[in-house]
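A quick write-up on the structure given underneath.
The values are calculated or read from the model by the stated rules, or taken from the named source; none is laboratory data. The model shown is predicted, which means the values in this text are computed figures rather than measured ones. Because the Cβ atoms are built from the backbone with ideal geometry, glycine has one as well, and the counts that use them run over all protein chains shown.
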Amino acid sequence: MYDVMSSKAEEFISDEEIRDCLDYAKKNKTNGELIDQILTKAKEMKGITHREALVLLDCELEDKNEEIYKLAKEIKQEFYGNRIVMFAPLYLSNYCINGCEYCPYHAKNKHIRRKKLSQEEIKAEVIALQDMGHKRLALEAGEDPKNNPIEYILESIKTIYGIHHKNGDIRRVNVNIAATTVEEYRMLKDAGIGTYILFQETYNKESYEKLHPTGPKSDYAYHTEAMDRAMDGGIDDVGLGVLYGLNNYRYDFTGIIMHAEHLEAAKGCGPHTISVPRLRRADDIDPDTFDNGISDDLFAKIVACLRIAVPYTGMIVSTRESKECRERVLELGISQISGGSKTSVGGYVSPEPEEENSAQFDVSDNRTLDEVVKWLMEMDYVPSFCTACYREGRTGDRFMSLLKSKQIVNCCHPNALMTLKEYLEDYASLETKEVGEKLIEKELEVVTNPKVRQIAKDYIDQIHEGKRDFRF
């Protein structure tokens, strides 16, 4: 039975409820009157239900689809403006004891090169990332209690936060590791992590169990209930995601919105982010094995409908996607992207020859961070390296209340401009710096509060003189 408040995975992600939604949406895909009603509600920018969102996703009326895309763009602009948060993944270890059939780290893969970074190697990777200009990392590691215990993750976080290189500092470490206990989530919280990220892969229990035949990850309920335990452990910000291409996209689209609704209802705060990765080719993995691929057009509509359903949640797209695809979905709802990413262990310092590939997946956007930053600015986006909210305690429901009241812009926009100025001064190429200086000058005039605008201008002048790390 479906129960949004339940702590049991099979009740807050009800298979019966999802299948009923699938039938309902299919029957109403050309019901213009119902779709208009949903769009009218959605225009209040307070979100819509999983059932309503699926109706929009399934809509086959061309004029209504245009309205859907238009509304997604308006919601993105209203809450996130033209700011795009930048981050990079850092792979610590690809040792893993799980049998996930879509991941090259699976335990049966005997020809992938296994590697775990030492603390010295982590320092070298982080310095390489700092030299690019990154301030925010997402730590990645396979599940292996022997090689990657929680103590290793905690030590790695301490190492990363302790590295001060030239003007470089990693100011926020997000963590994407396997589902664990409330006690260990509390340890991660105490270590100062930002967001805890865990992809569900698929919400279909039957498919999930087939795709995860062995290892701790095979426990569907334990995995699906991880975010509840993380929040019970004091972690305010959690990040959801499904891997599109593994299972029926309509099922997983509905499931992830239901998961967000559950966290909002049961824990008082929905997810901080939702990621939308698509299955990619990797060592020992052929995406053609999974007959659930989705086109770029469908991917764009998924992003748009998610943005309408969860207007307050950040949305992430990685370098799995091409430049062209990322450009399209940025305006439809994406608020965070990675740049200059390496998905192999140790890949920032020592890129691997192709025959020794230990990457988790193939990257489609291979541009440098500088190229990505310049590209964003040329489209009038503001690349943001800001981590101020986390460091000022604006997390969880405190962040969401500011976002819902639309007051967060008074912090986010000037903070984005100041961190961009830091990037331009310390890391940018001459061409990128030239584009960026013009953008900052223009964007400062967009800051509506005169006092905030003047303070931001003063801080930016001080950044030019060599000072760093100002924030509202």
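Taking the condition of being among the charged types (D, E, K, R) and more than 20 Å from LYS217 (Cβ to Cβ), how many residues in the stretch 137-191 meet it?
First, pick out the residues of the stretch 137-191 that are among the charged types (D, E, K, R): 140, 143-144, 146, 151, 155, 158, 166, 169, 171-172, 183-184, 186, 189-190.
With more than 20 Å from LYS217 (Cβ to Cβ) added as a condition, the list becomes 151, 155, 158, 166, 169, 171-172, 186, 189-190.
Number satisfying all stated conditions: 10.
Could you go through the stretch 316-330 and let me know if any residue there is surrounded by fewer than 18 Cβ atoms within 10 Å (Cβ to Cβ), aliphatic (A, V, I, L, M) and not assigned by TED's automatic domain parsing to the domain that holds GLU66. No, the stretch 316-330 has no match at all.
Matching residues to (1) basic (Lys, Arg); (2) in contact with a helix residue (DSSP H, G or I) (Cβ under 7 Å, 6 or more places away or on another chain); (3) touching a residue at least 60 places away in the same chain (Cβ under 8 Å):
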{"site": "SER384", "(1), (2), (3)": "no, yes, yes"}
{"site": "MET400", "(1), (2), (3)": "no, no, yes"}
{"site": "ASN415", "(1), (2), (3)": "no, yes, no"}
{"site": "MET418", "(1), (2), (3)": "no, yes, no"}
{"site": "TYR427", "(1), (2), (3)": "no, yes, yes"}
{"site": "VAL447", "(1), (2), (3)": "no, yes, no"}
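Of the residues making up the stretch 36-82, not one is among the aliphatic types (A, V, I, L, M) and at pLDDT below 95. Scanning the stretch 22-72 for residues that are surrounded by 12 or more Cβ atoms within 10 Å (Cβ to Cβ), of a type outside the set (A, V, I, L, M) and outside any helix (DSSP H, G or I) yields a total of 8. Here GLU209 fulfils each of the conditions (1) modelled with pLDDT of 95 or more; (2) over 20 Å from the mean Cα position of the chain (by Cα); (3) closer than 25 Å to ALA53 by Cβ apart from (3). Where helices (runs of 4 or more DSSP H) fall entirely within the stretch 365-472, those with at least 2 residues that are at pLDDT 95 or above and not assigned by TED's automatic domain parsing to the domain that holds GLU331 are at 369-378, 409-426, 430-444, 450-464. All conditions in (1) assigned to a strand (DSSP E or B); (2) surrounded by fewer than 20 Cβ atoms within 10 Å (Cβ to Cβ) hold for VAL175, with the sole exception of (2).
What are the residues in the stretch 281-326 that are assigned to a loop (DSSP other than H, G, I, E, B) and at pLDDT 70 or above, if any?
Going residue by residue through the stretch 281-326, those that are assigned to a loop (DSSP other than H, G, I, E, B) are 281, 283-284, 286, 290-295, 310-313, 318-322.
Scanning the stretch 281-326 gives GLY293, ILE294, SER295, VAL310, PRO311, TYR312, THR313, SER318, THR319, ARG320, GLU321, SER322.
Is it true that ILE75 is under 30 Å from GLU443 (Cα atoms) and touching a residue at least 60 places away in the same chain (Cβ under 8 Å)? Break it down into steps so the answer makes sense when it comes.
Details: under 30 Å from GLU443 (Cα atoms): yes; touching a residue at least 60 places away in the same chain (Cβ under 8 Å): yes.
Criteria met by ILE75.
Considering the stretch 116-136, the residues that are farther than 15 Å from ILE153 by Cα and in a loop (DSSP other than H, G, I, E, B) include one that is farthest from the chain's Cα centre (by Cα), namely GLY133. Selection of first residues in the stretch 251-264 that are under 12 Å from PHE12 (Cβ atoms) and of second residues that are charged (D, E, K, R), restricted to Cβ pairs under 8 Å at least 6 apart or on distinct chains, gives the following pairs, ordered by first then second residue: MET258/GLU17; LEU263/ASP228.
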